[in-house]
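The values are calculated or read from the model by the stated rules, or taken from the named source; none is laboratory data. Quantities reported herein were computed from a predicted structural model and do not represent experimental measurements. So basically every Cβ, Gly included, is an ideal-geometry build from the backbone, and we count neighbours across all protein chains shown.
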Amino acid sequence: MKPFNIVNGKAAPLLAANIDTDVIMPKQFLKGIDRQGLDHGVFFDQRFLTSGEPNPDFILNQSEWQESTFLVVGPNFGCGSSREHAVWGLKQLGIRALIGTTFAGIFYDNCQRNGVLIIQLPENSLLELGQVISNAKSNEIQINLQEQQIKLKDNSVTHFDIDHLRKTALLEGLDAVGSTLQRKELIDHFEHKYLKTNPWLQ
Amino acid sequence: MTSAKTLYDKHIDSHTVCKLDDDGHVLLYIDRQVLNEYTSPQAFSGLREAGRQVKRPKTHLAVVDHVNPTASLRTAEMPDEGGAQQVSYLGENCQDFGIELFDILDQRQGIEHVVAPEQGFIFPGMVVAAGDSHTTTYGALGAFGFGIGTSEIEHLLATQTLVYKRLKSMRVTVDGILGTAVTSKDLIMALIHKIGASGATGFAIEFCGSTICNLSVEARMTICNMAVEAGARGAYMAPDDKVFEYLKEKPRSPKGEHWKQAVKKWRTLRSDDDAKFDEEVKIDASCIQPMVTWGTSPDQALPIQSTIPNPELITDPHVRNDTYRAIEYMGLKVGQQLTEIPISHAFIGSCTNSRIEDLREVADVVRNRHVASNVQAIIVPGSTEVRNQAESEGLADIFKKAGFEWRQSGCSMCLAMNDDVLQPGDRCASSTNRNFEGRQGAGARTHLMSPGMVAAAAISGHLMDIRKIGQEV
Ligand code: SF4
């Protein structure tokens with residue numbers, strides 16, 4: 001997993017509430033057995049017209065927000081289906097971080113597992129940020145994970161909170177399975193005791 | 001400092017291998033996982049690439065449910081190359097890693113959340129995770145279930161654990177008697193409407209109260225299933241005699257001495273009397289009306305006798321915009337009566353409402369009636385066992401006579417990953433759980449409701465109040 005430290009880039013606003021994973025990655029892109037080609041599926045029904053041409057009204061198709069690195073999103077982003085394809089697609093499209101007020105639980109974990117940083121801000125700060133980056137002249141920002149800071153073009157800085165555990169995993173790009181397997185003895189020990197006291201679970 | 005614990009605390013504490021930090025992260029032991037063909041492939045590939053094994057293969061059960069066709073003649077053929085590849089890769093993975101699979105022709109095949117309880121794969125006190133958001137269903141059995149993504153599936157297969165962050169707790173107490181033809185589906189839809197699609201984000205919900213106690217185990221599953229539509233990452237109920245009765249004769253339930261030991265333990269699974277919850281919600285069941293969704297988020301729901309809301313009257317600018325957008329997508333008019341909305345399709349199925357009791361409810365509505373001429377109506381039973389049961393009870397004949405297509409089991413039009421896809425502009429009364437834009441097909445419009453309400457809509461050709469059936473047609 002690619003470590004996340006200091007990342008610069010454009011931020012695009014997608015501020016509607018409850019943008020679900022069906023919208024982020026429609027069903028026709030879920031038929032693979034690998035992770036390839038999912039960038040094409042991201043927001044497919046909104047990003048492309050029925051003719052297949054890019055929809056000029058969609059923010060990520062507008063020249064000032066093309067190739068955005070961050071999304072500033074509305075409440076409950078990523079709700080609905082557990083499909084990790086939504087995160088794989090966003091990542092393949094070049095999205096490194098999402099900034100919002102609330103995120104759906106499974107989506108949040110999926111982002112973490114894929115090295116996509118989720119930043120949660122209070123509603124006021126998010127609205128302000130949303131306004132700033134909705135202006136093409138000020139949509140370039142910098143995210144510094146070590147310092148837990150979002151820096152705007154005018155050099156003003158917004159602080160954000162993040163659990164130490166999540167921060168370390170993102171900074172180091174850790175392999176979660178590998179880390180847990182280092183505790184294998186502990187797990188085996190727990191399992192042995194647990195199955196002995198609950199023998200019907202064996 | 002109080003030592004009183006919620007049942008959620010008890011579930012998590014009894015499964016904690018070790019604490020990982022002071023922010024609430026633990027390494028959580030998982031008892032069971034159900035796997036499907038579409039969210040598992042990359043997890044198995046991950047194991048293969050790293051040369052890792054599955055730690056306890058017998059604790060996982062795989063089913064084919066999302067991509068298979070549901071045509072009434074069952075074959076092993078998949079409608080498209082992608083689906084075929086996913087099904088064959090699941091078979092290969094189960095074979096190589098020693099996991100049991102209910103393949104498409106298996107008599108136990110069906111939607112994962114219907115099959116797992118039916119087979120007695122889930123018991124009270126278990127913590128269950130699966131690569132599907134509706135894993136919350138198992139809360140109705142006194143277990144704690146939650147959905148995970150594909151990376152987590154891989155982690156779980158390899159380690160039997162997950163890195164888990166403790167949730168906040170919410171208690172939803174439901175008292176009072178549900179009115180005629182008002183079901184547990186209406187109850188959960190009313191809750192989602194009340195607290196919003198993210199009202200329970202970051203929470204585990206405990207459902208309790210006299211209304212819940214009076215519901216059947218299957219009706220309770222509908223509630224826990226849809227709790228995720230309010231954002232809950234888990235939902236659960238204290239197990240009672242009804243649950244033990246439900247489990248008793250199931251194929252994989254504990255037997256003999258183990259059964260006795262298990263029930264003794266299961267009876268202790270409840271929140272302590274003075275346990276504190278972070279949030280409390282109370283619902284009076286006697287006030288709940290039959291509900292339908294009019295918009296594109298499950299919280300955009302109203303009692304059937306309502307009209308489409310006027311966005312102008314909404315003060316919150318976000319909610320106002322979302323309302324405008326939903327009304328436009330749904331092709332509706334402000335002030336329109338919900339009962340005036342015509343439908344082109346009716347779908348009865350999904351892990352929310354496709355069990356035998358749901359089908360009996362539908363049969364009661366459609367017996368000696370006929371589907372409206374402009375409506376295509378299909379019934380997709382939740383599992384092959386449910387299908388067989390419905391046939392032996394004579395329900396299938398009632399459905400067919402009433403003009404419903406009687407299908408084989410699967411997820412089908414709940415998410416339209418197979419060939420049951422709606423066209424742009426189609427409007428479907430649906431017993432499913434999500435009315436998202438494009439969920440049942442790009443440009444298609446979904447109205448969620450109870451299976452009985454779908455049946456009533458199918459008969460009349462428009463959304464209608466199930467309590468009026470017989471008065472109108
Ligand atoms: S029936 Fe629908 S909600 Fe349930 S598992 Fe299948 S696709 Fe998901």
Problem - Flag if B:THR173 is over 19 Å from the mean Cα position of the chain (by Cα) and among the polar types (S, T, N, Q) - result: yes
Completion exercise
For the range A:48-75 the number of residues that are assigned to a strand (DSSP E or B), away from chain B (no Cβ under 14 Å) and over 21 Å from the mean Cα position of the chain (by Cα) is 1
Fill in the blank from the handout: Selection over the range B:243-274 where residues are part of a loop (DSSP other than H, G, I, E, B), under 22 Å from A:TRP200 (Cβ atoms) and in contact with a helix residue (DSSP H, G or I) (Cβ under 8 Å, 6 or more places away or on another chain) yields a count of 5
Exercise for the section: Could you please tell me which pairs satisfy a Cβ distance under 7 Å, a separation of 6+ or placement on different chains, a first residue in the range B:236-262 that is within 13 Å of another protein chain (Cβ to nearest Cβ), and a second residue that is crowded, with 18+ Cβ neighbours inside 10 Å and acidic (Asp, Glu)? Expected result: none
Handout entry: Condition broken by B:THR315, with the remaining ones in (1) part of a loop (DSSP other than H, G, I, E, B); (2) within 16 Å of the ligand (Cβ to nearest atom) satisfied
Key = (2)
Problem - Candidate set: the range A:167-195, residues that are part of a loop (DSSP other than H, G, I, E, B) and over 20 Å from the mean Cα position of the chain (by Cα); chosen: the one farthest from the other protein chains (Cβ to nearest Cβ) - result: A:GLN182
Exercise for the section: Inspect all residues belonging to the range B:235-242 and state whether any of them is surrounded by 19 or more Cβ atoms within 10 Å (Cβ to Cβ) and part of a strand (DSSP E or B). Expected result: yes
Problem - Unique residue being touching a residue at least 60 places away in the same chain (Cβ under 8 Å) and loosely packed, with under 14 Cβ neighbours inside 10 Å when the list is A:GLY173, A:GLY178 - result: A:GLY173
Problem - Filter result for B:ILE177 (away from the ligand (no atom under 15 Å from the Cβ), within 14 Å of chain A (Cβ to nearest Cβ), touching a residue at least 40 places away in the same chain (Cβ under 8 Å) and closer than 30 Å to B:ARG467 by Cβ) - result: no
Exercise for the section: Run down A:GLY100, A:GLY78 and say which single residue is at positive phi, within 14 Å of chain B (Cβ to nearest Cβ), under 15 Å from the mean Cα position of the chain (by Cα) and among the small types (Gly, Ala, Ser). Expected result: A:GLY78
Practice task
Please state which of the following conditions B:MET126 fails to meet, knowing it meets all the rest: (1) away from the ligand (no atom under 15 Å from the Cβ); (2) surrounded by 24 or more Cβ atoms within 10 Å (Cβ to Cβ).
Solution key: (2)
Exercise for the section: Hand me the list of strands (runs of 3 or more DSSP E) wholly inside the range B:13-95 holding 3 or more residues that are under 25 Å from the mean Cα position of the chain (by Cα). Expected result: B:33-35, B:60-63
Completion exercise
(1) crowded, with 24+ Cβ neighbours inside 10 Å; (2) at pLDDT 95 or above all hold for B:MET417 apart from (2)
Completion exercise
Within the range B:204-231, the residues that are under 19 Å from B:THR173 (Cβ atoms), within 14 Å of chain A (Cβ to nearest Cβ) and either within 15 Å of the ligand (Cβ to nearest atom) or in a helix (DSSP H, G or I) (or both) are B:MET226, B:ALA227, B:ALA230
Fill in the blank from the handout: Contact list, first residue from the range B:431-444 and at the interface with chain A (Cβ under 7 Å from one of its Cβ atoms) and in contact (Cβ under 8 Å) with a residue 40 or more places away in the chain, second anywhere and charged (D, E, K, R) and more than 10 Å from the ligand (Cβ to nearest atom), beta-carbon distance below 6 Å, six or more apart or interchain, is B:PHE436/A:ASP20; B:PHE436/A:ASP22
Exercise for the section: For A:ASP45, state whether it is at pLDDT 95 or above and over 13 Å from the mean Cα position of the chain (by Cα). Expected result: no
Handout entry: Single residue of the range B:328-352 satisfying the filter (within 14 Å of chain A (Cβ to nearest Cβ) and at negative phi) that is farthest from the ligand (Cβ to nearest atom)
Key = B:GLU328
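Within the range B:110-123, track down each residue that is within 13 Å of another protein chain (Cβ to nearest Cβ) and near the ligand (Cβ under 10 Å from one of its atoms).
B:GLU112, B:HIS113
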Exercise for the section: Sort out which residues of the range B:408-438 are within 9 Å of the ligand (Cβ to nearest atom) and basic (Lys, Arg), and write them in order of number. Expected result: B:ARG434
